[in-house]
């Protein structure tokens with residue numbers, strides 16, 4: 001067993017966007033083509049049950065960067081700016097002597113309509129920001145690179161005869177993100193300092209489009225079909241049926257807009273996009289090896305939330321808390337500081353990564369952070385962090401005419417989802433309850449089962465206690481009154 005190393009590690013944080021936990025071979029998916037990430041898992045520690053704090057991008061990413069639950073940090077929905085007073089862990093790393101770099105997305109404020117994200121006090125010396133492949137800001141670093149390296153492809157995409165989402169591999173956003181990271185590792189970092197480098201792949205986010213050579217790696221007829229169908233939603237909150245008909249509160253096509261071949265095509269492209277990411281991660285890790293940095297580098301691979309991918313007649317993300325939507329991969333490799341080839345089954349959360357990274361860097365946790373370092377658990381020195389996970393949706397995606405607010409509690413083998421009614425919403429109060437041991441595919445909603453009333457009541461009471469436990473009470477108390 002590895003002890004705590006004396007040297008502060010470099011940190012290479014690799015994050016995808018909208019990737020389910022079960023899309024790697026390391027998580028038991030025989031259809032995935034992810035040899036690099038599977039090898040990373042074999043040489044590190046795999047966390048089998050990592051849950052995000054919100055099923056859409058910006059609130060989830062804010063929880064990671066602040067180490068706080070959604071209700072505490074206040075960035076409750078996409079399009080909302082992170083309120084002042086929140087400290088970001090990257091700034092603390094920089095202040096403690098780390099050279100910090102960002103490649104790709106961050107998403108702590110609105111980027112809608114081509115506007116530029118509001119830059120936080122984030123500590124990055126190197127900032128290669130690109131919200132997404134098609135974002136029209138002149139500061140889109142991917143577009144700047146594409147215009148320089150592939151001018152004809154850039155011009156075609158700008159003119160509408162091509163697409164920023166549908167690029168050949170050598171010009172793809174995922175390739176660009178890896179190129180930026182490789183250049184940084186080779187010549188862009190400050191060699192006398194440890195580094196923190198965050199590589200943000202936008203894929204496998206929709207639109208679901210992959211280069212042909214990656215599509216050719218898969219037989220679409222052999223890939224897994226979605227679990228269940230829209231019929232599953234009959235006894236579940238009505239907003240789920242709404243989302244099955246039209247995604248994103250009516251702004252994008254829903255599952256029911258596609259025929260079987262269309263859904264198969266989405267799944268096919270999704271797997272192919274992940275295969276492309278795997279190759280690009282391989283190039284980054286090879287550069288890390290070539291620079292002689294692998295031994296003293298903590299590599300983290302994860303994703304900001306999942307993707308429904310047709311399960312239960314649902315696509316994309318929103319007020320859904322199925323395993324595919326809120327459970328993400330989490331792999332850590334650190335040869336000098338962590339064991340290799342081990343798994344941890346306990347419940348962990350994305351906010352814990354904040355405390356984990358500051359712990360690895362040997363600096364105090366953020367004063368208002370609510371997570372717990374996973375390093376003792378990863379080393380086998382602790383059984384786990386807690387026996388529950390919390391995920392909050394506060395009309396967090398595209399807003400509904402009648403706002404949708406829902407909360408998930410995962411504890412033991414059970415998952416409780418409460419869709420809130422009055423006074424927060426005009427929607428009917430409803431919910432879901434699953435026994436994940438007996439029903440891992442979440443096919444049977446026990447919320448209305450008379451035989452489970454006591455179980456449901458106990459979990460609802462426990463959820464109330466959890467919500468009190470995670471309230472922000474960090475403001476100092478100066479006296480008894």
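For the reader, a short list of remarks on this structure follows.
- Computed [θ] at 222 nm, deg cm²/dmol, the chain (DSSP H ≥ 4; -39,500 (n - 2.57); rounded to nearest 500): -8500 deg cm²/dmol
- From the largest down, segment 139-253 spans 59, 40, 33 angstrom on the principal axes of its Cα atoms.
- Taken as Cα centroids, segment 325-364 and segment 228-275 sit 32 Å apart, rounded to the nearest whole angstrom.
- Cα-based shape type of segment 218-325, given that a ≥ b ≥ c are square roots of the gyration tensor eigenvalues and the cut on a/c is 1.5: prolate
- Residue order, fewest to most surrounding Cβ atoms within 10 angstrom, among 167, 320: 167, 320
- Taking one quarter of the surface of the C-alpha convex hull of segment 1-117 gives a mean projected area of 10.0 nm².
- Percent RCO, i.e. relative contact order, over the chain, from Cα pairs under 8 Å lying at least 6 residues apart: 25
- Cα gyration tensor, segment 338-440 - rounded (a/c under 1.5), prolate or oblate: oblate
- Prolate/oblate/rounded call for segment 431-481, Cα gyration tensor, a/c under 1.5 rounded: prolate
- Computed P(r) (all Cα pairs; the chain; 10 Å bins; percent): 4, 20, 32, 28, 13, 3, 0
- Fraction of beta bridges assigned by DSSP in the chain that are antiparallel (%, nearest 5): 50
Each value in this text was obtained by applying a stated rule to the coordinates, not by laboratory testing. Nothing here was measured: the structure is a model prediction, and the numbers come from that model. Cβ sites come from the backbone with ideal geometry, for glycine too, and all protein chains shown count toward neighbours.
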